[in-house]
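What follows is a single structure, written as structure tokens, with notes after it.
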Amino acid sequence: MAKFALLLHENPRDFQNLTPEQMQVMLGRYRAWGQKVREAGQMVGGHKLKDEGGRHMRRNGDGGVHATDGPYTEAKEVLGGLYVIEAGDYREAEEIAQGCPHLDNGWIELRQIDEM
Amino acid sequence: MSPEVPQLVDHLFRREAGRMVAALTRVLGAENLSLAEDVVQESLVQALRTWPFRGVPENPGGWLMQVAKNRALDLLRREASLARKEEAIRGWSAALVADDPEGAMDDQLRMIFICCQPAVPREARVALTLKTVGGFGVPEIARAYLAKEATIAQRLVRAKRKIQEIRPPFEVPPPAELPAALDSVLEALYLMFNEGYAAAAGEELVRQEVCAEAVRLVRLVAEHPALDVPKAHALAALLLLQAARNPARVDPEGNLLLLCEQDRSLWDQPKLAAGFHHLDRAARGPELSVYHLEAAIAACHVTPGETDWPYILDLYGDLLALKPTPVVALNRAVALAMVEGPAAGIRAVEEIRGDPALAGYYPLPVTLGELYARAGDTKKAAARFREALGMESPEPVRRRIQERVRGLELVR
């Protein structure tokens, strides 16, 4: 079994126009999907990433490290969170990701975790 | 992500939104209502973006309130004009974040008075109450009342501007202002329910939720010690008795059923009992309001045994005197037909038929059609039903009328 990361990209602004009821329905869809993947034994874990306070860190020319604030504002797209799942191959991982309701709110970057 | 995820209570987001907007408005002042709404919306978005990963927290309401509090503090730091509110927000103790159902209900009640105060345009009060107290969104309110989203949004903007202008205190109005303020609240709740109950072609599910919200709020009002007046109980009785019949109003295929066809075992017994309880309390005092009469009529319809039509006719006579509208006159005509026969009913309906307020009102030709059918005049009956089909009506009603037309054509 291989592991895959589902990187969930989104623009937080896109959620602002949902009504509370619509948000609850949407949350229910995420949870149903998560439960299905878990019950199939394919879920390794998931994390929400904090929007604010992110840094881009780079080595300076003089050998020091320079950290800049990332573009973590609400007007921009962010990497909102990630799931790690288990699947036999990309095809199977894609199938799992296809059911994720995040596709209605943003987009998913699917990457195999290199365990070699 | 915990494997045993607790189920979310139905409408939790909506309920918590109403609760939090009220609590925040208390702290920030009514003039900052829009700000409170924004903060609450952001907290809900945060939950939607977080809970899929870490699961639903043990106390979802407390989690949301904590996020709202942090968010509000952030905003206050940025807005100089709000700096003096910071102390108040900080003062939100753990008690507020924890469950405080009584405090939350008081906040909501004060919020209802703010939304329904006489200075707010009448047509905006219902929408504003649904939005801020009920946690409904603009598209849902529009769907329930078959209105355009832009229309509802505009009403809300205007209402909030008015509130910002007059900066009402966050309180149940003092005794001198209470009667007028309460009348305005009761009227808004009556409209919230009735327009939701009867909305032509509105969407069934959201209409039911709007009606349920009106029932919840009217009980909140009537149960409050300062508002324990007969009129409030009469409205609570009316809405509860109507709502109790809701589960039996349509058959499993979604077809509308007449009262005499409804399966009474489907009526909501706790709501019926609560309705009669409020009807009792409404009778403590000399006051006889429109709500009293309508509640008494609703009570007749849910009382077991033979329906007492002569009494209902009397009640409609009194109601017509207090509320001389063509719709009341139409309902009275139905009662009259039950007591004196279809010919008397037909005469009464024909009298109001030309009223411009009833133009396009499908219940009028439907009533006439039924009365003509009962009088044995199938030709006129079919003509009136066909007239009704040319008007806007909810889909279940349409199907029902089409059936009637087909049935009458077979007879001929």
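The values are calculated or read from the model by the stated rules, or taken from the named source; none is laboratory data. All values reported here derive from a predicted model rather than from experimental measurement. Here the Cβ is made from the backbone with ideal geometry for all residues, glycine too, and neighbour counts use every protein chain on show. Side chains included, ligands, DNA and RNA excluded: accessible areas come from the protein's heavy atoms. Shrake-Rupley method; radii C 1.70, N 1.55, O 1.52, S 1.80 Å.
Taking the conditions exactly as written (open to solvent by less than 40 Å² (accessible area, probe 1.4 Å), more than 9 Å from chain B (Cβ to nearest Cβ) and not small (Gly, Ala, Ser)), does residue A:7 satisfy them or not? When the stated conditions are applied, residue A:7 passes them.
Within the stretch B:189-202, being out of contact with any Phe, Trp or Tyr (no Cβ under 9 Å at 6 or more places or on another chain) and open to solvent by 60 Å² or more (accessible area, probe 1.4 Å) holds for one residue alone: B:198.
Selection of the stretch B:368-393 for residues being in contact (Cβ under 8 Å) with a residue 60 or more places away in the chain and surrounded by fewer than 16 Cβ atoms within 10 Å (Cβ to Cβ) yields only B:392. Taking the listed residues B:227, B:238, B:266, the one that is aliphatic (A, V, I, L, M) and open to solvent by 40 Å² or more (accessible area, probe 1.4 Å) is B:266, with no other qualifying. Within the stretch B:36-49, identify whether any single residue is out of contact with any strand residue (DSSP E or B) (no Cβ under 8 Å at 6 or more places or on another chain), buried (at least 23 other Cβ atoms within 10 Å of the Cβ), among the small types (Gly, Ala, Ser) and away from chain A (no Cβ under 11 Å), and answer yes or no. Yes, there is a match, as at least one residue in the stretch B:36-49 is out of contact with any strand residue (DSSP E or B) (no Cβ under 8 Å at 6 or more places or on another chain), buried (at least 23 other Cβ atoms within 10 Å of the Cβ), among the small types (Gly, Ala, Ser) and away from chain A (no Cβ under 11 Å). Among the residues of the stretch B:50-79, those that are within 10 Å of chain A (Cβ to nearest Cβ) and either farther than 15 Å from residue A:27 by Cα or of a type in the set (S, T, N, Q) (or both) comprise B:50, B:74.
Matching residues to (1) in a helix (DSSP H, G or I); (2) open to solvent by 30 Å² or more (accessible area, probe 1.4 Å); (3) of a type in the set (D, E, K, R); (4) touching a Lys or Arg at 6+ places or on another chain (Cβ under 9 Å):
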position	(1), (2), (3), (4)
B:288	no, yes, no, no
B:293	yes, no, no, yes
B:296	yes, no, no, no
B:306	no, yes, yes, no
B:313	yes, no, no, yes
B:324	no, yes, no, no
B:330	yes, no, no, no
B:338	yes, yes, no, no
B:344	yes, no, no, no
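Just one residue in the set B:229, B:210, B:250 is closer than 30 Å to residue B:149 by Cβ and more than 13 Å from the chain's Cα centre (by Cα); that residue is B:250. For the stretch B:347-389, a residue qualifies if it is more than 18 Å from residue B:334 (Cβ to Cβ) and within 28 Å of the chain's Cα centre (by Cα), and the qualifying residues are B:356, B:359, B:360, B:389.
For first residues located in the stretch B:47-62 and closer than 15 Å to residue B:9 by Cα, partners that are among the basic types (Lys, Arg) and lie 6+ apart or on another chain with Cβ distances below 9 Å form the pairs B:51/A:31; B:51/A:48; B:55/A:31; B:56/A:31; B:61/B:15; B:61/B:19.
Flag not set for residue B:27, criterion: more than 15 Å from residue B:131 (Cα to Cα) and open to solvent by less than 10 Å² (accessible area, probe 1.4 Å). Among the residues making up the stretch B:25-34, those that are among the aliphatic types (A, V, I, L, M) and at pLDDT 90 or above are B:30, B:33.
Of all residues being open to solvent by 40 Å² or more (accessible area, probe 1.4 Å) and under 29 Å from residue B:38 (Cβ atoms) in the stretch A:19-36, which is nearest to the other protein chains (Cβ to nearest Cβ)? Just the residue, please. Within the stretch A:19-36, the match that is nearest to the other protein chains (Cβ to nearest Cβ) is A:22.
Listed by position, the strands (runs of 3 or more DSSP E) contained in the stretch A:37-115 that have at least 3 residues being open to solvent by less than 50 Å² (accessible area, probe 1.4 Å) and either in contact (Cβ under 8 Å) with a residue 60 or more places away in the chain or more than 11 Å from chain B (Cβ to nearest Cβ) (or both) are A:78-87, A:106-112. Which one of these is touching a strand residue (DSSP E or B) at 6+ places or on another chain (Cβ under 7 Å) and surrounded by 15 or more Cβ atoms within 10 Å (Cβ to Cβ): B:365, B:396? Selected residue: B:396, the only one of B:365, B:396 that is touching a strand residue (DSSP E or B) at 6+ places or on another chain (Cβ under 7 Å) and surrounded by 15 or more Cβ atoms within 10 Å (Cβ to Cβ).
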